[in-house]
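Participant: My structure is below; once you've seen it, I'll send some questions.
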Amino acid sequence: MKVERVRCGAFGSLNDFDTGSDALPGLVVVVGPNEAGKSTFFEVLVSLLYGFRPTSREIHPFAPRTGGEIDIEACLTLDGGQAWHVHRRLLAAPRGHLDRNGDQEDLKNRPLPAITHVDRQVFRHVYAITLAELAALETETWNQIQDRLIGAMGARDLVPLRKAVESLEQDAGALWRPTRHGNQRIREVDARVLENLSRRQDALDRDLELRRLTHEAATATTDLKAARERREHRRLALENARRLQPIRSHVKRVQELEKRGGPPEDLDGLPSAPGERLAESRRACEELEARLATLKQDRIPPQALVDAYGEVHRGIVGMRDDVTRVVAAATAMEAEWLRLGALEQEIQDLERRRQPLARELMTVPASQLDAERLRGLRTAELRDRIRAFGRAREEREHLQARIAASARSRQSSTALAGVVVGLVGGLGLVAWGSFSDQGTLVVAGAALVSAALGVAGHWWWMRRTGRRAATGKREGGPSTDAEHREREALDAIQTLLADLPMHEEILRDPTTDVASSLVRLQELTGDLTARQESIDEIRSRMTALQVEARELGGRLGVVLPPDSTGAGQALSRALREADDSRRDAEAGEGELERLDRERLRWTADLEDARQRLGALEGSLRKLSGGDLAAGLKEAEIRIDARNRATQAMDELRRTHPDLDDVLVRIRQAEESGEDWTLDSDALVEAATELEELTHRIEELGKHLVALEHEVADLERQPTIDQVDGEGVALQEELDWLRRTRDRKVLLARILREADRVFREEHQPDVLRRAGDYLEHITGGRYVRLSGGEADMGAEFQLHGPDLAEPMTVDETTSTGTREQVYLALRLAIVDHLDRDQERLPLLLDEVFVNWDEARRTRGLDLVVEVARTRQVFLCTCHEEWAAELKTRGARLVHL
Amino acid sequence: MRILHTADVHLDAAFTSHSDALRRKLRDASRTAFTRLVDHALSESVDALVIAGDLFDGDRLSFQTERMLLGELGRLTAAGIPVVYATGNHDPGRTGRRAMELRWPDGVHVARDREPVTLPVQNAAGDEIGHIVAVGHGGPRESDDLSMLFPTPTGETPRVATLHTQVNDAGGWQEHDAYAPSQLKSLKTAGYDYWALGHVHRRQKLSSTPSIHYPGNLQGRNPSESGAKGALLADVRRGAAAAVRFVSLAPIRWEDLPVPKLREAATLDDLVHQVLDAWEAAREDDGGDPGTGWIVRVDLRGATPLWQELRREENQEHLRSELEMLLRVLHVSLRVGEVHRPVDLAEHLLRTDVLGEALRLAQSIRESPGRELPFEPGELIGIGNSDTPEDYVRDLLDGIEEEILARMLEGPGQNQ
C-alpha cells in the first residue's frame, strides 16, 4: 500500500495540510524541527487506515480547538494497483467513506478492508520506530527487548513475557511449591488444618469430659443429698437427747396435771373459785327479791295520777282546738263590746250635728230624710249649676248698671280737668325734685302723675262702656237675654233638687253655700249609716258566739254562763285543769313504765341468778354424784391441777420461745419412733458421726462447685461444630489458595506455551530477515542473528565472518550496534507481519542519530531499498539527510 | 388439625468462618431458632410438631446442644404436644448415633427407618382429630423412593405424611444430593392431605391440593441460604387445601449482595455508596424482622477501574469494616477475585503477538475438551477437588482471559 496524497482539513496542529496533487513516492521524508507535528502526521496515517480512536470528538486529543470537525482524507494505491480514496471525519460521531475504483463504501469507523491482517495496536506500536524508542534500549535488558521484539513483535504495550511469567511463578510459589523452603501460604494453612484436627479431637475429648463431669456432678449431688439427709437424721437424734428430752419431761408433768384436772369440758362453766361463787350467787338472789317487793309499793302514787285523768278531761283535751278557738273568740268579743259603745256614741254625735243642717235646708226633720235620695244627689253638678246661676245673675245686674252709668258720663269733663292738673303738677314736682336733688319731691311727683293717669284710665273705660251700654239699650236685646239665661240656670238647679224637701226660698235663690251645706249633710248621713251597719254586724257575731259556746258546753258536759265572756273564761279554766291532769297522768305513766322496766330487769336478773346458782350447784353435784359439798371440794382440786398445768406450760413457753416448733418436733419424733434414750457412749458416737458427715458434706459441696466450674469452663470452650466450622473455613481457604495457585501456574504455562508456539511460527523468519538487514547495514561484519529461544533463557547473538564465536547482544555492546540490531529486527518483524499481504507504510523517526557515517550511509541505502517495496515515511530534522535522500528519489514534506 | 412443620434444622452444623465469635453467634442462632420454634408451637397451641429430617447436621452433637434439644422438646411434650420426627440423610435412624441414642422424652415419635410410624392425634377432649405418618432414613445414602412406603390413608380426619425426600422438579433440587428421590405426581396421588417434606433448603410449595410443602431450613447456614427462614404453620383439613402460613424464626439472616454497576465506581467511596444503594434496594422489598442480625456477603466481580485497589488485602479489610459499620450488620464479607480492569477482549484476540497467541490458546483449551494440555496435570495441586482434570482446568480457565490481559498489558500494577 502506498499513500499517494494526504490532506488534513483539521487534525491537531495540521490544518489545511496537503501533501500535494503529485503522488507521494515510496520514500517520503517528513522534515521539520522537534514538535513540528511528526507524531501528529503519524496519527493521521493511523486514523486514515484504522478509523478514529477515541470515537468521540469531545475527548479526541487531536480535535481542533476551534470546535470544528476532524477532517482527513488520503489517496491510496494498493499493492495490486487499485486506487482507493478514503475520507474520514469526526464530529458528533465518526464517519468514513471509501471509494474503491468507483465503488463507494460507507466505512463508518471501520479499518480499511485491506489492512485487517495487522491489528491497530500492532501497527501503532510496530510500524513506527522512534528515536525515543532507540534511546530506551539503554535502560532495558536485552532479554526484555528480545521478548518485545520476538514475542510481542515489537509492540510496546506489552509486559515482557519473561517478566509476566516470572511474576506468576513467583506468586504461585508464594502459595505453594514442591520444596518446603520459604514461606508458603498453602503449607501454612495445611498446618492450621492439622492443628484444627487436633483441636477437633480436643473438642471431642472436651465433649466426653463434659458429659462425664455432668454425670459425676449428678452423682455428687445425689451423694450430697444423701449425706445431708443422714446428717439431719443424726442431728435430730442428738437434739432429741440434748435439748428435747428436758422439755419433753416438763411437758409430761404438764400432761399429768392436766390429767388430774380431768377433761376440761367437765370444768366448763365452773369459776376458778366455785365456793365463793356459790355464796355470791345466793346473796344476789336475796337482794333481787327484796328490790322487787319495794318496787311494788312504789307503783301506787303514779297509778293514782293516771287514774285521775278522766273522761271529761280527755274530752276537753280531745277538743282542744274548738275550745281554744271559742275562748279566743270570747276574749276578742270583749273588745267588740267596747267598740259597740263607741259607735253608738258616734251616732248620737253625728245626729246632733245633722239635725240643724237639715232644718236649715229641708222642710222635714233629719230623721225623716230619705238617706238614699240624699246620697244620690250629684253635689258637684249642683255646685257647678249654682255657680252658673250666679254668673248669669251678675251679668244681668252688670248690664243694668252700665245702662245707669251712661247717664252719668256727662260729669266726666271735670274729672278730666283734674287729671290734667294732676299730671302737670306731678311732672313739675318730679322735675323740681330731680333738679334740686330732693328725692321726696320726686316720689311725690311720681305718685301724683300715677294718680292722674289712673283717673284718666277710669274715665276712658267708663266712657267706653257707657257708650256700649247705651248703644245696647238703644238696640233693645242684651238685657233680656241675660235674664233669660239666669232663669234657665235656676231651673237646672231646681231640677237637681227636685227629689229633696228643700225650702222654697233656697230653691229660688240658691247659693254656693247651699251646695256646701248639702254636701255636708250628705256626708253626715253617710257616716251615720255606716256606723249603724257596724253595730249591727258586731251584734250579729256576739249572738253567733253565744250559740257556739252553748253548744260546745253541751258537748263537753260543762255548764257555761250565758254571756260569751263568761263562757270563754269558764272554758279556758276547764282546759287548763284538763291539761294539768293530763300532764300528771303522763308523768305517772312514765314512772310506771320505768318501774315496770326495773321490775322486769330485776325479775330477769333474779331468774339468771337463780339459774346460775342452779347450774353451779348442778355442776358441782355432777362432780360428786349429787352431793353439793363433795362436788364443791372435787371442783376446787381439779381447778387447782389445771391451774398448775397452765402455769407450768407458761413457764415453759417463757423459757422456750420456739416451744410450738419444739412441740411439733417432739411429736414428729415420737410419731417416727426416734430414739430418746441415747446413753453417753451413743451420744459421743452420734456426735462423731455428725462431724464426719458435716465434713463430707463440705467436701462434696466443694467438689460439686469445682465440677460446676469445670463444666462451665468446658462449656466456654469451642464445641465440635465450632471447631469444624473453623476446619471448613480452613478447608475452603485451602481450596481457594490451591485453586489460586493452580490458576497462576496454569496461566504461566499458557503464556509459556503461547510464547513457544509464537516463536516457532514467527521467530525463524524474523531472525533470517533481520540477519539480511544487519548484514547490509554493517557492510558484512555481521551476517546472521540468532537467539531468543523458547526457553527464554537465550539472548540475541551476532554471527560474522570475523567473529570466532557468536557475540551476545547485551549492555556491553555498543549503542550503535544495538540500535542497528534493533532496527534490523523491527524491519524484519514488519516484513513478517504483512508477509504475502498488503504491505503497510513504515514510519522511521530519527533512527540514524547515533550511527557512524558509514553505517548511516548504508542505513539510508537500506531505507531507499526498503522503500522500493514498502512506503517509508522518514521523519528528520536534519536537512542534509533530507537533501541527500531527495537526490535519491525521496519527496520532502515540510511541516 | 394444626401442625407446625419444620425441617433441616441441622443442629450443630459447622458454620464456615474464621471468626470464632461469628461461629458462636451462628451456633447460638440455630439454638435460638429452635427455642422460638417451640415457643411458637406452645403459643399457637398446635396439635403436633412435625420435623421432616436433618434435625442434626451429623453425629457431632455437642452436649450443650443435646441438653437444649431435649429440654425444648420436653417443654412441648409436657404441654401435651406430640412431636413426630422423621430422620433424614444427615441424621439417619439406624446408623446415626444421635437419633438412635438420645433419650427422647415421652411424646416424641421417631421414624428411624422405612417402617412407617403412625401417630393418631387427639385434641384436649381426647377426640381423634387426625393422623401423622412418618417414614425415616435408616442410612445416610437412601436411594429408594420412600414415599411409596406410606400406607394408603383411610378415615375422615386429616392425614399428614412426613418425609425427608428429594422431590424431582422442586426448585433448587440440584443444590442437594438426590437422596430418597420421589416424584411429585406420586405424592399428589397418595391420598394424604399434607406432605410435610424436608431436604431442600429453599422454602416452597409444590402443590396446593393436596398441600405439599418444603419449609426450608430453620436457620440459614451460608450466603446461598438467604431470605427469611423458619417453619410453616398449617391448618390441615381433610380433602381440602391446608391453610399454610410461614413463621419467621431465624434470628440471623444471610444476604448475598451483588454490585451490578461495579464498572462505574471510580473510587472506593463510590463503591461503598453502590453497596449501600444495593443494600437499601434489597431491604425495601424485604426489611426482615425487627432485631434480625444480618451477615452480608458483597460479591465484587468483573471489570472495574478499582481492580488493583480491590486486590489489596488492606483495602479489602478497610472496605469490609467500613461497610460493616455503615450497614449496621453482624458481619460483612467481601468476595473479591474475579475483578479485572476494563479491557476489550475481542480486540486483543486478533493480535499477532504472544498476547493474542495466549488468549487464543486459553480459549482453545477451554473450548476443546479433548485438547492436549500444554502441561502435566500433576503440577496442579488442587486437581483432586474435581471429578476430572479437564473439569478442574476448565474451572481454572474461567475468566482467565481478563487475567492474561491484566498480566500482559503494560500499565499500572502490571505485576499484580
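Participant: Taking region B:5-16, which residues are in contact with a Gly (Cβ under 7 Å, 6 or more places away or on another chain) and in contact (Cβ under 8 Å) with a residue 60 or more places away in the chain?
Facilitator: Listed by number, the residues that qualify are B:Ala7, B:Asp8, B:Phe15, B:Thr16.
Participant: Kindly provide the set of residues from region A:296-319 that are surrounded by 11 or more Cβ atoms within 10 Å (Cβ to Cβ) and of a type in the set (A, V, I, L, M, F, W, C), ordered by number.
Facilitator: Residues satisfying the conditions are A:Ala304, A:Leu305, A:Val306, A:Ala308, A:Val312, A:Ile316, A:Val317, A:Met319.
Participant: For region A:712-723, which positions are crowded, with 17+ Cβ neighbours inside 10 Å, within 16 Å of B:Glu66 (Cβ to Cβ) and facing another protein chain (nearest Cβ under 7 Å)?
Facilitator: If the condition is that a residue be crowded, with 17+ Cβ neighbours inside 10 Å, within 16 Å of B:Glu66 (Cβ to Cβ) and facing another protein chain (nearest Cβ under 7 Å), then A:Thr719, A:Ile720, A:Asp721, A:Gln722 are the ones that fit.
Participant: Can you name the condition, by its number, that B:Ile365 falls short on among (1) of a type in the set (Val, Ile, Thr); (2) within 12 Å of chain A (Cβ to nearest Cβ); (3) in contact with an Asp or Glu (Cβ under 8 Å, 6 or more places away or on another chain)?
Facilitator: Failed condition: (3).
Participant: I want to confirm something. Restricting to region A:184-196 and keeping residues that are within 13 Å of chain B (Cβ to nearest Cβ) and in a helix (DSSP H, G or I), which single residue is farthest from the chain's Cα centre (by Cα)?
Facilitator: The qualifying residue farthest from the chain's Cα centre (by Cα) is A:Arg187.
Participant: Are any residues in region B:9-62 within 11 Å of chain A (Cβ to nearest Cβ) and among the hydrophobic types (A, V, I, L, M, F, W, C), and if so, which ones?
Facilitator: Correct list: B:Leu11, B:Ala13, B:Ala14, B:Phe15, B:Ala21, B:Leu22, B:Leu26, B:Phe56, B:Leu61.
Participant: For A:Arg644, indicate whether it is free of Cβ contacts under 8 Å to residues at least 24 places away in the same chain, in a helix (DSSP H, G or I) and surrounded by 13 or more Cβ atoms within 10 Å (Cβ to Cβ).
Facilitator: no
Participant: Between a first residue in region A:702-719 that is farther than 10 Å from A:Ala220 by Cβ and a second residue that is of a type outside the set (Gly, Ala, Ser) and outside any helix (DSSP H, G or I), which pairs have beta carbons less than 9 Å apart while being 6 or more apart in sequence or on different chains?
Facilitator: Close Cβ pairs (under 9 Å, with a partner that is of a type outside the set (Gly, Ala, Ser) and outside any helix (DSSP H, G or I)) amount to A:Thr719/B:Asp12; A:Thr719/B:Arg60.
Participant: Can you name every one of the helices (runs of 4 or more DSSP H) wholly within region A:808-895 that holds 1 or more residues which are out of contact with any helix residue (DSSP H, G or I) (no Cβ under 9 Å at 6 or more places or on another chain), of a type outside the set (Asp, Glu) and open to solvent by less than 10 Å² (accessible area, probe 1.4 Å)?
Facilitator: Where helices (runs of 4 or more DSSP H) fall fully within region A:808-895 and carry at least 1 residues being out of contact with any helix residue (DSSP H, G or I) (no Cβ under 9 Å at 6 or more places or on another chain), of a type outside the set (Asp, Glu) and open to solvent by less than 10 Å² (accessible area, probe 1.4 Å), they are A:879-887.
Participant: If B:Ile51 satisfies all but one of (1) out of contact with any Phe, Trp or Tyr (no Cβ under 6 Å at 6 or more places or on another chain); (2) modelled with pLDDT of 95 or more, what's the number of the condition it fails?
Facilitator: Only one criterion is unmet by B:Ile51, namely (1).
Participant: Moving on to the next point. Are any residues in region B:382-409 aliphatic (A, V, I, L, M), at the interface with another protein chain (Cβ under 9 Å from one of its Cβ atoms) and in contact (Cβ under 8 Å) with a residue 40 or more places away in the chain, and if so, which ones?
Facilitator: Listed by number, the residues that qualify are B:Ile404, B:Met408, B:Leu409.
Participant: Which members of region A:286-317 meet the condition of being closer than 14 Å to A:Asp596 by Cβ and touching a Phe, Trp or Tyr at 6+ places or on another chain (Cβ under 8 Å)?
Facilitator: A:Arg291, A:Leu292, A:Leu295
Participant: What number of residues within region B:341-357 are more than 7 Å from chain A (Cβ to nearest Cβ) and assigned to a loop (DSSP other than H, G, I, E, B)?
Facilitator: 4
Participant: Could you say whether any residue in region A:768-778 is closer than 27 Å to B:Pro377 by Cα, more than 11 Å from chain B (Cβ to nearest Cβ), over 60 Å from the mean Cα position of the chain (by Cα) and free of Cβ contacts under 8 Å to residues at least 12 places away in the same chain?
Facilitator: no
Participant: Only one residue in A:His215, A:His233, A:His250 is surrounded by fewer than 18 Cβ atoms within 10 Å (Cβ to Cβ), under 60 Å from the mean Cα position of the chain (by Cα) and either within 13 Å of chain B (Cβ to nearest Cβ) or not aromatic (Phe, Trp, Tyr) (or both). Which one?
Facilitator: On inspection, the qualifying residue turns out to be A:His215.
Residue-wise test of (1) in a helix (DSSP H, G or I); (2) among the aliphatic types (A, V, I, L, M); (3) in contact (Cβ under 8 Å) with a residue 40 or more places away in the chain.
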residue	(1), (2), (3)
B:Asp269	yes, no, no
B:Gln274	yes, no, no
B:Asp277	yes, no, no
B:Ala282	yes, yes, no
B:Gly288	no, no, yes
B:Val296	no, yes, yes
B:Leu300	no, yes, yes
B:Pro305	no, no, yes
B:Gln308	yes, no, yes
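Participant: Modelled with pLDDT of 90 or more, within 14 Å of another protein chain (Cβ to nearest Cβ) and either touching a Phe, Trp or Tyr at 6+ places or on another chain (Cβ under 9 Å) or surrounded by 15 or more Cβ atoms within 10 Å (Cβ to Cβ) (or both): does that describe B:Ser333?
Facilitator: Judged against the criteria, B:Ser333 is a match.
Participant: Could you look through region A:728-744, keep only residues that are facing chain B (nearest Cβ under 7 Å) and open to solvent by 10 Å² or more (accessible area, probe 1.4 Å), and pick out the one that is farthest from B:Glu402 (Cα to Cα)?
Facilitator: This residue is A:Val728.
Participant: Oh, and also: Going by the conditions given, is B:Ala234 on the phi < 0 side of the Ramachandran plot and either part of a loop (DSSP other than H, G, I, E, B) or open to solvent by 30 Å² or more (accessible area, probe 1.4 Å) (or both)?
Facilitator: No: the conditions fail for B:Ala234.
Participant: With open to solvent by 40 Å² or more (accessible area, probe 1.4 Å), in a helix (DSSP H, G or I) and at pLDDT 90 or above as the only criterion, which of A:Glu708, A:Glu670, A:Glu689 stands out?
Facilitator: Exactly one of A:Glu708, A:Glu670, A:Glu689 is open to solvent by 40 Å² or more (accessible area, probe 1.4 Å), in a helix (DSSP H, G or I) and at pLDDT 90 or above, namely A:Glu708.
Participant: Tally up the residues in region A:308-333 that are in contact with a helix residue (DSSP H, G or I) (Cβ under 6 Å, 6 or more places away or on another chain) and outside any helix (DSSP H, G or I), please.
Facilitator: Qualifying residue count, region A:308-333: 1.
Participant: Identify all residues within region B:202-226 that are in a strand (DSSP E or B) and open to solvent by 50 Å² or more (accessible area, probe 1.4 Å); write none if there are none.
Facilitator: B:Lys205
Participant: Let me ask you something else. Could you list, in sequence order, all residues of region A:612-640 that are surrounded by fewer than 17 Cβ atoms within 10 Å (Cβ to Cβ) and closer than 30 Å to A:Leu244 by Cβ?
Facilitator: Scanning region A:612-640 gives a single hit, A:Asp640.
Participant: For region A:148-183, name all the residues that are polar (S, T, N, Q) and within 11 Å of chain B (Cβ to nearest Cβ).
Facilitator: A:Ser167, A:Gln170
Participant: Moving on. Among (1) within 11 Å of chain A (Cβ to nearest Cβ); (2) part of a helix (DSSP H, G or I); (3) open to solvent by 50 Å² or more (accessible area, probe 1.4 Å); (4) at pLDDT below 90, which single condition is B:Arg360 missing?
Facilitator: So B:Arg360 meets the others, but not (4).
Participant: Moving on. Of the residues A:Glu548, A:Glu591, only one is assigned to a helix (DSSP H, G or I), modelled with pLDDT under 90 and not β-branched (Val, Ile, Thr); which?
Facilitator: On inspection, the qualifying residue turns out to be A:Glu548.
Participant: Can you tell me which residues in region A:333-367 are within 22 Å of A:Gly553 (Cα to Cα) and in contact with a Leu (Cβ under 9 Å, 6 or more places away or on another chain)?
Facilitator: Answer for region A:333-367, where residues must be within 22 Å of A:Gly553 (Cα to Cα) and in contact with a Leu (Cβ under 9 Å, 6 or more places away or on another chain): just A:Met333.
The values are calculated or read from the model by the stated rules, or taken from the named source; none is laboratory data. Since we're looking at a predicted model, the values are computed, not measured. Neighbour counts run over all protein chains shown; Cβ positions are idealised from the backbone, glycine included. Ligands, DNA and RNA are excluded from the accessible area calculation, which covers all protein heavy atoms including side chains. Shrake-Rupley method; radii C 1.70, N 1.55, O 1.52, S 1.80 Å.
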